[in-house]
Amino acid sequence: MNVCEKGVIFALSYELERLLINGLFILLPIFIFQMFWVDRNRVKPDLKMPAFLGLLILSAILCMSFPVEFSKGFLFDLRHIPFIIGGLYGGYLFSIPIYLAILGYWFFFGGDGIFVNVPVITLIAVCVPLISKKYLAQNMKKKIILSITIALISSLLIILLANMLWKIPVNHENFPFYYFIAQGLSMWIGVYLIETMVRNYQMRKELVKVEKMSIINQISASISHEVKNPITITRGFVEALGDEESPEKRREYIGYALEELQRAEDIIQGFLKLTRPEEPCLKNINISKELAYTVHLLKPYAKSFSVKIETDGIENDCFILGDSQKIRQCFINLIKNAIEAMENGGKLIIRLKTSSGKVLIDIIDNGVGMTSYELENLQTPYFTTKEKGTGLGMVIVFNIIKTLKGDIKVKSEKGKGTHFTISFPLVSR
């Protein structure tokens, strides 16, 4: 390879490098605008913002500062791309400032192609903003086609004017090919990135709406699920009043019904506090009494399912640091689920014991049981094995136990039943 050939290759690689730099200058305003305005401030990508105009002007000036010379004696750059983008997205509000900035650059720093470029950029400044509104109403595909068409027309005008004024042949050293490819490809990438930025913002906005609606649905379902339990229990005691003649039993049933109605009110108040969450109010509670209360409360419900409840050790006092209402809520969910798992009747064993500074509570049923897949998804919101379940009861149980520094383990086999083991740290009375 002789010296002349090496010189040609070096010059060609140098101009390709400059062309890539011009392409970088086209992408620069889009990336900076997204990084420092759209992503950081979470604002709508309003392409008529002064910041975006300033970035387009900067892009045009940088392109003019690093021209490319693929054809001897003819320099070109990609200044038309940010100029056309400004006219399409910002109308005359952007077109005129960019036009003045390009002329100002020529006035202060000079340039050989002023007589070729001034008619073309003047035409762009006047005509492109006229179609801005129609352009913005199109979909991405049509926007890309229209913008590339405008870029190629401006390229064609530059080539024709160069031929007329400087007598450069239209097919001079493959110059038109390079120029057309550079203009069209740069315009395609620029418009595609802008439209993708706008579309991504709209998608994020829609996702926020969906997330908010999901939260509302979760809260509504949670309230429905948790309030349903005390109402169901209250209904059972009210129905039992009609069959009970003993005044003492009637007073007892009324007391339980009123307590459950109070619990329903407390649950609703607890959900209202979600907007201003407070630290849980923990105190020493006798978990044996809470468990015994829940068992006694759910005996009528168990009777309606032909379920016999057997207890062991719940008469022994055991104290933990907790919240009485939340512990009851947890026990009611677990025992009620166990009863409902035995549709054809069965036996429910509830056992309480202490071991290694902990209180252990076993809730064992011989109901339908769960598969390994159901066990894995037990803590997943809205996952339920019941036909009319909300899929939130067990989520609430796990959250309550975790909040009270407890632990829960589950063993189950399909068709044989389920065994829950709950543990809490013991505290002194």
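The values are calculated or read from the model by the stated rules, or taken from the named source; none is laboratory data. All values reported here derive from a predicted model rather than from experimental measurement. FYI the Cβ positions are ideal-geometry reconstructions off the backbone, even for glycines, and counts take in every protein chain you see. For accessibility, only protein heavy atoms count, side chains too; no ligands or nucleic acids. Shrake-Rupley method; radii C 1.70, N 1.55, O 1.52, S 1.80 Å.
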From 311, 354, grab the single residue that is of a type in the set (S, T, N, Q), touching a Lys or Arg at 6+ places or on another chain (Cβ under 8 Å) and surrounded by fewer than 16 Cβ atoms within 10 Å (Cβ to Cβ). 311
Looking only at helices (runs of 4 or more DSSP H) that lie completely in segment 81-153, which have at least 3 residues being modelled with pLDDT under 90? 92-109, 114-127
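One line per residue, one yes/no per condition, for (1) within 21 Å of residue 399 (Cβ to Cβ); (2) at pLDDT below 85:
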position: 322; (1), (2): yes, no
position: 329; (1), (2): yes, yes
position: 348; (1), (2): no, no
position: 357; (1), (2): no, no
position: 361; (1), (2): yes, no
position: 366; (1), (2): no, no
position: 382; (1), (2): yes, yes
position: 389; (1), (2): yes, yes
Out of everything in segment 357-368 that is open to solvent by less than 60 Å² (accessible area, probe 1.4 Å) and hydrophobic (A, V, I, L, M, F, W, C), what residue ends up being nearest to residue 284 (Cα to Cα)? 359
With respect to residue 183, is the statement that it is open to solvent by less than 90 Å² (accessible area, probe 1.4 Å), over 30 Å from residue 49 (Cβ atoms), of a type in the set (S, T, N, Q) and modelled with pLDDT under 90 true? no
Segment 273-292 residues that are hydroxyl-bearing (Ser, Thr, Tyr), paired with ones that are open to solvent by 60 Å² or more (accessible area, probe 1.4 Å) and at pLDDT 60 or above (beta carbon under 7 Å, 6 or more apart): 288/315; 288/316; 288/317
Go through segment 315-344 and give me each residue that's over 26 Å from residue 227 (Cβ atoms) and open to solvent by 20 Å² or more (accessible area, probe 1.4 Å). 315, 316, 317, 319, 321, 344
Please verify whether segment 5-25 includes one or more residues that are in contact with a Gly (Cβ under 9 Å, 6 or more places away or on another chain) and either at pLDDT below 80 or surrounded by fewer than 20 Cβ atoms within 10 Å (Cβ to Cβ) (or both). no
Single match in 353, 336 (criterion: more than 13 Å from residue 295 (Cβ to Cβ), charged (D, E, K, R) and at pLDDT 85 or above): 353
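The rows are residues; the columns are (1) in a helix (DSSP H, G or I); (2) open to solvent by 80 Å² or more (accessible area, probe 1.4 Å); (3) at pLDDT below 70; (4) among the polar types (S, T, N, Q).
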residue: 200; (1), (2), (3), (4): yes, no, no, yes
residue: 206; (1), (2), (3), (4): yes, yes, no, no
residue: 209; (1), (2), (3), (4): yes, yes, no, no
residue: 212; (1), (2), (3), (4): yes, yes, yes, no
residue: 220; (1), (2), (3), (4): yes, no, yes, yes
residue: 227; (1), (2), (3), (4): yes, no, no, no
residue: 232; (1), (2), (3), (4): yes, no, no, yes
residue: 235; (1), (2), (3), (4): yes, yes, no, no
Within segment 89-107, residues being free of Cβ contacts under 8 Å to residues at least 40 places away in the same chain and buried (at least 19 other Cβ atoms within 10 Å of the Cβ) number 2
If we ask which residues in segment 269-303 are among the aromatic types (Phe, Trp, Tyr) and modelled with pLDDT of 85 or more, their number turns out to be 1
